[in-house]
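Below is one structure, written out as structure tokens, with a few remarks after it.
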Amino acid sequence: MILKRNFNPIKVIQYVKLELGFSLAIGLAVYFLHRSQLFQASLPFSVAAILGSALAIFIAFRNNSAYSRWWEARTLWGGIVNSSRVLARLIITFTDSHAHQANFDLARSDLFKKEMVYTCIAWVHALRLHLRKASVWDELRPFLSQQAFEAMHASQNKPNYLHLLMGQNIYKAMANGTLGGFDSFQMEGQLLALANYQGGCERIKNTPLLRHYDYFTRLFLYVFMLLLPFSLIGDFSKLGIEWWMVPVSVIIAFVFAIIGKVGEVNEDPFENRITDVPLSALCNTIERDLKEMLGEKDLPPKAESEKGYLY
């Protein structure tokens, strides 16, 4: 996620270098053809104006749809942050509430709390890796037992397996007296919420923005850049400054291209790019908060932005 207000112009140009190169090549070709009198025909400026208006509508619709996907992804992860905290609180408070019972075992209860909270932390990191299609699963070793890690690693949907593991641990705790009564009902409610958030994230990840919006936006952009110099050369020639047509057409093309690129980079918010939802920072926040709820003091350093970017 980009936090800084001002961008590096060189990096911005790199995003649209193909479009700028195409616009520059067409502009130079039209200029030299007109200058050498090999081809002096020009189009009315209204042609470029009408096409530009249609392109602007297409780009605006696509950008709105792309931003909606990005904001929904951020909202889902905001829910994951909140539900993880609630689940950790329920685990800790429900377990401690049975301290007065005759069969209460402090060591067993502390082990259950740590295993459940650490599995929740592992689930958050696993979902991050799952959405980014990363394969550095060894990051989860500190949060799981060797047996649980191997079983998770062998599963196809690793976050889903960790959900199963948390559910199994809850009912084992109900059976041995660590939990009691209706404790499991509220914990299951938070597990259901986390499962729904995971499903929402997977829906965004696996369902691209309608491809015809992407295809026709790119097609209309290149058609616009192709016809623009032909629409400008006549007016600039009358003014005796036909060479100005080249930079002006490139600047206009840059405006449309960069606006279109904004929607393109926002439509997939889980690709581990600087424009994406900052999953690593959110996972760091959850890990710090949940470990602190367990009473731990050795917390991981808080994630900070790097050169204006939060990952």
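Every number here is computed from the coordinates shown, using simple stated rules; none is lab data. Remember, it's a predicted structure, so these values are computed and weren't measured experimentally. Glycine gets a Cβ as well: all are built from the backbone with ideal geometry, and neighbour counts include every protein chain shown.
Below, the figures for the structure above:
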item: GluC sites (Glu not before Pro) restricted to DSSP loop in the stretch 206-304 with at most 15 other C-beta within 10 Å; result: Glu271, Glu296, Glu304
item: Tail fraction, Cα-Cα pairs, the stretch 245-307, threshold 18 Å, whole percent; result: 60
item: Under the Debye formula (equal points on every Cα, no solvent term), log10 I(q)/I(0) of the stretch 136-250 at q = 0.10, 0.24 Å⁻¹; result: -0.58, -1.26
item: Fully extended contour minus Cα-Cα distance, from Asn103 to Leu43, at 0.36 nm per residue; result: 12.7 nm
item: The chain: angle of helix 106-132 to the longest principal axis, Cα-based, in degrees nearest 10; result: 20
item: Kirkwood Rh (inverse of mean 1/r, distinct Cα pairs), the chain, angstrom; result: 23.2
item: Using a Förster distance of 22 Å, the FRET efficiency for Ile57-Thr207 (Cβ separation, nearest 0.05); result: 0.40
item: Helix-derived mean residue ellipticity, 222 nm - over the chain, DSSP H n ≥ 4, -39500 (n - 2.57), to 500; result: -25000 deg cm²/dmol
item: Förster radius 22 Å - calculated FRET efficiency between Ser65 and Glu306, Cβ distance, rounded to 0.05; result: 0.15
item: In the stretch 208-289, the trypsin sites (Lys or Arg not before Pro) that fall in loop regions by DSSP, at most 16 other Cβ within 10 Å; result: Arg273
item: In the stretch 1-101, the trypsin sites (Lys or Arg not before Pro) that fall in loop regions by DSSP, at most 12 other Cβ within 10 Å; result: Lys4, Arg5
item: Cα-based helix-to-principal-axis angle, 17-35 vs the chain, degrees rounded to 10; result: 0
item: Per-pair calculated FRET efficiency, R0 = 25 Å: Ser36 and Val255 via Cβ, rounded to 0.05; result: 0.25
item: Inter-probe distance in nm under a simple model that places probes 7 Å from Cα toward Cβ, at Leu3 and Ser135; result: 3.2
item: Extreme residue, positive dipole direction of the chain, given options Trp243, Gln101, Ile2 (C-beta unit charges); result: Trp243
item: Cross-link table Lys4/Lys291; Lys158/Lys291; Lys205/Lys291; Lys11/Lys133; Lys113/Lys158; Lys172/Lys302, entries beyond 27 Å C-alpha to C-alpha; result: Lys4/Lys291; Lys205/Lys291; Lys172/Lys302
